[in-house]
Amino acid sequence: GNSVTQMEGPVTLSEEAFLTINCTYTATGYPSLFWYVQYPGEGLQLLLKATKADDKGSNKGFEATYRKETTSFHLEKGSVQVSDSAVYFCALSIYNTDKLIFGTGTRLQVFP
Amino acid sequence: GAGVSQSPRYKVAKRGQDVALRCDPISGHVSLFWYQQALGQGPEFLTYFQNEAQLDKSGLPSDRFFAERPEGSVSTLKIQRTQQEDSAVYLCASSLGDRPWEAFFGQGTRLTVV
């Protein structure tokens, strides 16, 4: 079946630290991969996406590379800010389907 | 407002009670999705509408769950005879096209069944 596994949180970092949140997937067909972010009190927002192998998605200083050989899509940021504190969800969608499949989420807490 | 609006934001229901959750999508959005997010979990797909047509209801967990979008705009998710395992945040999302990642999410309705 199709599924997403991501590292458990919370991830606690100091401001300006390097961030990695691991995500791996299993999929039949050709998945597109996504990272979503949920800030406190707000709805889920698409952070970045990659639609084929070796694509790199990037936004707001965050990056993730679609690695087919390791079935991974790890989220990275070189220098986190307090305002990045949120829950991050890795997700996939199979071509020509109507749903997103999410991981369980990773809470990031950044302290000044 | 400009975003997806869900109401109520919080709902407490006694076990066995029926509930109705409302979603007002962004005006003009053709596609509408419902997801269920249990505590500490990621959202799970429930159902998908294109205009008024319910094209996929494969994620509805039981026949106690029913969704409608009669005029292709506002949608209602109804849960009959609520049970404790129905406690979750119910998320609605809408988009112009049919790609699920293009959808904008509402803040959700938190349902607690006691």
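The values are calculated or read from the model by the stated rules, or taken from the named source; none is laboratory data. The model shown is predicted, which means the values in this text are computed figures rather than measured ones. For neighbour counting, all protein chains shown are included, and Cβ atoms are generated from backbone atoms with ideal geometry for every residue, glycine included.
Of the residues making up region B:1-21, those that are of a type in the set (D, E, K, R) and exposed (fewer than 15 other Cβ atoms within 10 Å of the Cβ) are B:Arg9, B:Lys14, B:Arg15, B:Asp18.
Taking A:Ser85 as the residue in question, decide whether it is surrounded by fewer than 20 Cβ atoms within 10 Å (Cβ to Cβ), over 29 Å from B:Leu46 (Cβ atoms) and hydroxyl-bearing (Ser, Thr, Tyr). Answer is no for this residue. It is to be established whether one or more residues within region B:89-96 are without any contact (Cβ under 8 Å) to a residue 40 or more places away in the chain, hydrophobic (A, V, I, L, M, F, W, C) and within 12 Å of chain A (Cβ to nearest Cβ). No - not one qualifying residue is present in region B:89-96.
Condition test on A:Ser79, is it in contact (Cβ under 8 Å) with a residue 24 or more places away in the chain and assigned to a strand (DSSP E or B)? Against the criterion (in contact (Cβ under 8 Å) with a residue 24 or more places away in the chain and assigned to a strand (DSSP E or B)), A:Ser79 does not qualify. Does at least one position in region B:26-40 carry a residue that is at pLDDT below 95, at positive phi and within 11 Å of another protein chain (Cβ to nearest Cβ)? Checked region B:26-40: at least one residue is at pLDDT below 95, at positive phi and within 11 Å of another protein chain (Cβ to nearest Cβ). A:Asp84 meets each of the listed conditions (1) over 10 Å from the mean Cα position of the chain (by Cα); (2) within 14 Å of another protein chain (Cβ to nearest Cβ) apart from (2). Those strands (runs of 3 or more DSSP E) of region B:36-114 in which at least 1 residues are buried (at least 21 other Cβ atoms within 10 Å of the Cβ), considering only elements entirely within it, cover B:44-50, B:65-68, B:75-79, B:88-95, B:109-113. Restricting to region A:89-104, and then to whatever is over 11 Å from the mean Cα position of the chain (by Cα) and assigned to a strand (DSSP E or B), can you tell me which residue is nearest to the other protein chains (Cβ to nearest Cβ)? Among them, the one singled out is A:Ser93.
For region A:3-74, the strands (runs of 3 or more DSSP E) that sit wholly inside it and include 2 or more residues that are within 14 Å of chain B (Cβ to nearest Cβ), surrounded by 15 or more Cβ atoms within 10 Å (Cβ to Cβ) and modelled with pLDDT of 95 or more are A:3-6, A:23-26, A:31-38, A:45-50. Can you name the condition, by its number, that A:Arg107 falls short on among (1) surrounded by fewer than 17 Cβ atoms within 10 Å (Cβ to Cβ); (2) more than 14 Å from chain B (Cβ to nearest Cβ); (3) in a strand (DSSP E or B)? Of everything listed in (1) surrounded by fewer than 17 Cβ atoms within 10 Å (Cβ to Cβ); (2) more than 14 Å from chain B (Cβ to nearest Cβ); (3) in a strand (DSSP E or B), A:Arg107 misses just condition (2).
Sub-6 Å Cβ pairs linking a first residue in region A:18-31 that is without any contact (Cβ under 8 Å) to a residue 60 or more places away in the chain to a second residue that is surrounded by fewer than 18 Cβ atoms within 10 Å (Cβ to Cβ), at least 6 apart or interchain, are A:Thr20/A:Glu76; A:Asn22/A:Met7; A:Thr24/A:Thr5; A:Thr24/A:Thr71; A:Thr24/A:Ser72; A:Thr26/A:Ser3, ordered by first then second residue. Summed over region B:41-54, residues that are more than 21 Å from B:Gln80 (Cβ to Cβ) and more than 9 Å from chain A (Cβ to nearest Cβ) total 3.
Filter region A:23-58 down to the residues that are over 17 Å from B:Arg99 (Cβ atoms) and not hydroxyl-bearing (Ser, Thr, Tyr) and list them by number.
A:Cys23, A:Val37, A:Gln38, A:Pro40, A:Gly41, A:Glu42, A:Gly43, A:Ala53, A:Asp54, A:Lys56
The listed residues are B:Val113, B:Val89, and the only one of them that is more than 13 Å from the chain's Cα centre (by Cα) and at pLDDT 95 or above turns out to be B:Val113.
For region B:1-51, a residue qualifies if it is more than 15 Å from B:Glu102 (Cα to Cα) and of a type in the set (Val, Ile, Thr), and the qualifying residues are B:Val12, B:Val19, B:Thr47.
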